[in-house]
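Undergrad: Structure in structure tokens, see below.
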């Protein structure tokens, strides 16, 4: 089986990216640069006993994604408890709207944003009443 066990977010400004994900989602970090041979910060995304995975922020090795271009890679979606409050934090900390909140009827609220580094990510709030 090919279960996803780790993610990497490529960033231009490591401190700005750490601040964004730390302030919006409460992530903490461990410096794994020595293992990777480059700026590489392990992202601890929550309780180890909860569903989900940890990943890392790594120094981008090429140009940043250009606005309006199709996604070239995977978009990670983060589970949230309060969609609207999370969206407000994203926007207040420099993120931008990519695709507005929409219902996955009978399942959840979903939407997509662009982080401070130009990367696309989603947020997802379960809600059986979404329509």
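Laboratory data are not the source of any read-out in this text; all were calculated from the coordinates shown. Please read all numbers here as calculations on a predicted model, not as lab measurements. Every residue, glycine as well, gets a Cβ built from its backbone with ideal geometry; the counts of neighbours run over all protein chains shown.
Undergrad: Just to be sure, is residue 35 assigned to a strand (DSSP E or B), farther than 16 Å from residue 4 by Cα and free of Cβ contacts under 8 Å to residues at least 40 places away in the same chain?
TA: no
Undergrad: Also: Inspect the stretch 41-57 for any residue being more than 15 Å from the chain's Cα centre (by Cα) and surrounded by 12 or more Cβ atoms within 10 Å (Cβ to Cβ) and give the result as yes or no.
TA: Checked against the condition, which is being more than 15 Å from the chain's Cα centre (by Cα) and surrounded by 12 or more Cβ atoms within 10 Å (Cβ to Cβ), the stretch 41-57 yields no hits at all.
Undergrad: Given (1) over 11 Å from the mean Cα position of the chain (by Cα); (2) without any contact (Cβ under 8 Å) to a residue 24 or more places away in the chain; (3) more than 21 Å from residue 110 (Cβ to Cβ); (4) in a helix (DSSP H, G or I), where does residue 16 come up short, assuming only one miss?
TA: The number of the failed condition is (2).
Undergrad: Give the stretch 92-118 a look and list any residue that's touching a helix residue (DSSP H, G or I) at 6+ places or on another chain (Cβ under 9 Å) and part of a loop (DSSP other than H, G, I, E, B), or say none.
TA: 93, 94, 95, 115, 116, 117
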